Amino acid sequence: MNAYKSISFALLGIGLLAAASCKKETAYAPYPYNDIQSLQITAGDETINAAISGDSIIVYWPSYIDKPEKIRPEITVSENATVTPASGAETDFVTGAKYSVKAQNGDVKDYFLKVVINQPPIQLAEAEYLTYLVEKGGSYTFPNGTYLRYVIPDPAVTSFYIIDSTDTEHQLEISFTEGDHDMVVTVPDNNTFKMGGHKIRIVSGTQTVISANYVFGIVYPASLKGTADPLTTSIAVKRGGEITFTGSGFFEMKEAVVHTYDANGNESELATLELVSYTATAATYRVPASFPLGTREIGSYTAGSVNIALRTSDYFSSWSWYDPPKVTLPLNAPFDGSLTLTVTE
């Protein structure tokens with residue numbers, strides 16, 4: 001009987017040990033995965049998803065959204081892995097910023113941010129009717145979204161240049177308005193910049209545009225335009241002779257133009273007078289040897305009558321790259337035909 005009990009207790013002990021060993025949990029190796037699976041940035045109402053390529057986190061940032069200095073990205077990583085800086089933490093939004101993912105087994109993989117401005121080609125309006133005019137010391141504002149599109153509103157990555165007729169290029173100072181992001185271009189008041197038309201070159205981010213024509217005009221203020229004194233006496237001169245007209249504010253003087261009229265009042269050019277010399281108050285011209293002989297009324301606008309105008313700089317507010325006007329200072333005369341121009345041999 002005692003022997004039987006001993007055997008029973010022994011068997012019971014073995015059974016309990018076996019049961020205990022069956023309840024022991026299976027041990028798993030720590031996870032070795034340390035990947036960034038996604039990174040998202042919220043910008044206003046938009047969500048921007050990064051592209052993960054190798055160890056690069058590439059963010060294609062829309063050019064129409066101001067690029068922030070800091071971001072709080074939402075980051076998804078491999079199961080049981082951790083990321084530093086943590087998801088939702090504030091970090092620098094610059095190329096080269098590092099994110100480290102640590103696997104459960106302790107292995108670490110580093111990722112590096114690459115910020116790419118997702119920018120379409122720059123659009124600059126260029127049409128026959130459109131000339132961008134600015135005075136020295138003044139500024140021109142390019143309305144964003146109309147005359148100019150897809151420029152990054154940041155002077156650190158956007159530059160504005162003008163190119164004159166000799167292919168000399170100068171950079172101009174720019175700024176951007178708050179809200180609308182209109183680009184404001186300022187022309188210094190110095191002699192570095194030539195008056196007249198210039199091509200435009202804009203560099204913004206990865207994009208560059210150059211105007212096909214000289215659409216950017218630097219012009220004089222209207223207050224600088226000179227005036228010619230009215231005629232008070234008739235003019236008599238020989239072919240090849242000289243005539244002097246007086247006035248004020250003369251500068252950049254050119255030839256004088258003599259117009260005539262037909263019976264219907266239609267105007268046509270009769271002749272030009274070569275500029276000999278000028279001062280701020282007087283300009284002297286030579287009558288060409290081919291000037292038609294005879295006497296003509298001045299200022300009456302009757303058939304065969306004439307008017308005389310002195311050409312000066314064309315670069316005032318009426319200047320157009322497509323159809324440049326010839327700016328003149330008219331020599332006013334009485335309408336009654338009391339004054340005449342007589343040209344003899």
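A few comments on the model shown:
- Lys, Arg +1 and Asp, Glu -1 on Cβ, resulting dipole of region 224-344 about Cα centre, debye, nearest 20: 260 debye
- Taking the longest Cα principal axis of the chain as reference, the axis of helix 2-22 is set at about 0 degrees.
- The calculated P(r) of region 123-219, using every Cα pair and 10 Å bins from 0, goes 16, 54, 28, 1 in percent.
- Vicinal HN-Hα couplings computed from phi for region 134-144 (Karplus, 6.51 cos²θ - 1.76 cosθ + 1.60; Hz; Gly/Pro x): 8, 8, 4, x, x, 9, 10, 10, 8, x, 5
- 3J(HN,Hα) couplings calculated from phi for region 29-46 with the Karplus curve 6.51 cos²θ - 1.76 cosθ + 1.60 (θ = phi - 60°) are, in sequence order, 6, x, 5, x, 8, 9, 9, 8, 8, 7, 9, 10, 10, 9, 10, x, 8, 10 Hz; Gly and Pro show x.
- Pairs from the table (Lys194/Lys254; Lys67/Lys102; Lys238/Lys326; Lys199/Lys225; Lys67/Lys109) lying more than 20 angstrom apart at Cα are Lys67/Lys102; Lys238/Lys326; Lys199/Lys225; Lys67/Lys109.
- Built amide H within the under 5 Å cut-off of Asn144, gap 5+: Asp182, Met183
- With a cut-off of 14 Å between beta carbons, the residues surrounding Gly137 carry a summed charge of -2, where Lys and Arg count +1 and Asp and Glu -1.
Just so you know, all these numbers are worked out from the coordinates, no wet-lab data involved. On a predicted model such as this, the values are computed, not experimentally measured, just so you know. Using ideal geometry, Cβ is built from the backbone for each residue, glycine included, and neighbour counts are taken over all protein chains shown.
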